[in-house]
Every structure is written in C-alpha cells, then in structure tokens.
1. From (1) part of a loop (DSSP other than H, G, I, E, B); (2) surrounded by 15 or more Cβ atoms within 10 Å (Cβ to Cβ); (3) modelled with pLDDT of 90 or more, pick out the condition that doesn't hold for Ala186.
2. For region 82-112, give me each residue that is over 18 Å from Lys67 (Cβ atoms) and either at pLDDT below 75 or in a helix (DSSP H, G or I) (or both).
3. Examine region 1-22 for a residue that is aromatic (Phe, Trp, Tyr) and either without any contact (Cβ under 8 Å) to a residue 12 or more places away in the chain or not in a helix (DSSP H, G or I) (or both), and state whether such a residue exists.
4. Looking at region 154-178, I want the residues that are outside any loop (DSSP other than H, G, I, E, B) and have a partner that is charged (D, E, K, R) and open to solvent by less than 30 Å² (accessible area, probe 1.4 Å) with Cβ atoms under 8 Å, at least 6 apart or on another chain. Which pairs are those?
5. Mind telling me which of the residues Ala95, Ala150 ends up being of a type in the set (A, V, I, L, M), over 15 Å from the mean Cα position of the chain (by Cα) and loosely packed, with under 14 Cβ neighbours inside 10 Å?
6. Would you confirm whether or not region 42-57 contains a residue that is acidic (Asp, Glu) and without any contact (Cβ under 8 Å) to a residue 40 or more places away in the chain?
7. Suppose the filter is under 22 Å from Glu23 (Cβ atoms), out of contact with any Gly (no Cβ under 9 Å at 6 or more places or on another chain) and either modelled with pLDDT of 90 or more or surrounded by 15 or more Cβ atoms within 10 Å (Cβ to Cβ) (or both); does Phe197 pass it?
8. Among Leu49, Leu12, which is out of contact with any Gly (no Cβ under 8 Å at 6 or more places or on another chain) and at pLDDT 95 or above?
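The values are calculated or read from the model by the stated rules, or taken from the named source; none is laboratory data. Not measured: the values here are computed from a predicted model. Reconstructed Cβ throughout: ideal geometry from the backbone, glycine too, with neighbour counts over all protein chains shown. Ligands, DNA and RNA are excluded from the accessible area calculation, which covers all protein heavy atoms including side chains. Shrake-Rupley method; radii C 1.70, N 1.55, O 1.52, S 1.80 Å.
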Amino acid sequence: MRILLVEDEYALAELVSERLKKERYVVDVSADGEDGLYNALTGIYDLVLLDIMLPKKNGLEILREMKKEGIPSKVIMLTAKGELEDKLTGFREGANDYLPKPFHIDELVARVDAQLRVEKAVSDALELGNIRLDYKNPSIVNTDTGEGIAINNKEFQLLEYFLMNPNQVLSKDMIFDRVWGMDNEAVSNNLEAYISFVRKKLKMLDATVTIKTVRNMGYKLENVE
C-alpha cells in the first residue's frame, strides 16, 4: 500500500517515512505544498499524511483540491495546531483523522493501520488461481502444494498491484507510478526485468497465473487454468 507524506520538516519526514517502510508501506515524501498537491492529485495513494503549515500551499488547500477532484485517498492531518476549531476545520474539509504534533510514532502507525484496516484485510487475502501473496513472510505461495518462493520488495509491490487488478491491462506508466513512485528514475528495462523475475518465480511454482504482455498497452495478470 502506498502512502504520501507531505511534510516540510526533514528530520520528521525521514523518521516517519523509515518507520512506515518497516511496516511494509511504500512511502513517497513531498516537502512543500505545491509538490504535495501535484502528487496527491494523481490518485495513486491509499493514504495521505498531510501537514497543515507548509511552504507554497497549506495542507487545508491541498485537502480541498483533493476532495474537489474526487480523490479517494484517506487523509490524516499532521500539525502543530491542536485547538478544537483547527481540528473541526480539518474534518469539515474531509480529513479522516487528525494527529497534533508532537506525536509518538507508534500512535501514528496505529492510526494509519486503522484507516487502512479494510484495505489491508483485503490485501492479506490476495489470491488468484493457485497462488497467494504472503505478507508475513514476503513470498509467493502455491496454495495447492504449500510451496513458497521468497520475493524482494519491488517484486512484492509489482505482484501486489497485479493481484489487486486481476485481468486488467496495466500500462507501464501506471505501474511506474504505483510501484516506483512519482519521482522515479525507473526505465523500461527495469520494469521488464522485474516482470521477468516474477514470471520465472511463478513458473517455478507451477502457478496457474501468468503476466501477459498486451502489445502497445501494457501487462495483464491472468489465471490460465
């Protein structure tokens, strides 16, 4: 699952980002309001952690634009402002939760987990054909034999995205944005290499699913049994 953190305090952004990555979230960071708005409006994030006091554009303005454009991402406001009226303003604008600074990192993780609980429950059961994506021990598992093969982080994110969108054509741009993030340096060769790695591991497991190339369009995960 992908999270956008919009925070201009470098040390705090680094702390939060690293902790969330340990919890197996994919995290992108924006250090000002304009960049944060640009990334938030892509709609690729499951949740946005949004500071209010930001350079160039404040968090409430970003939240208003997100809601205006129908962006479905959950939003948790992070701010030094702790007054009731500030909280009510955030909720009126469409925020899902509000956490005043300073906060304990464990509480932040708990609030993120709470907002994404339904999505995580679905993700924990990601299966297609005879394969399952194992979150506890990152691997692909053959549900018929119980055999599993370990996968690295990018392979995990790639297969997760395909399993969340079975039988749908995903373009290269969509995959780059979701798996590598908006500010990525990934090139076509990188994507093709990771597709190849996942395909080989699926074949080693005698999986009934495969990643098919759809010419001039992208890739699609199918159950071919």
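1. All conditions pass for Ala186, except number (3).
2. Within region 82-112, Gly82, Glu83, Leu84, Glu85, Ile105, Asp106, Glu107, Leu108, Val109, Ala110, Arg111, Val112 qualify.
3. Checked against the condition, which is being aromatic (Phe, Trp, Tyr) and either without any contact (Cβ under 8 Å) to a residue 12 or more places away in the chain or not in a helix (DSSP H, G or I) (or both), region 1-22 yields no hits at all.
4. The qualifying pairs are Arg178/Arg2.
5. From the options Ala95, Ala150, the qualifying one is Ala150.
6. No.
7. Here the answer is no, as Phe197 does not meet what is asked.
8. The unique qualifying residue is Leu49.
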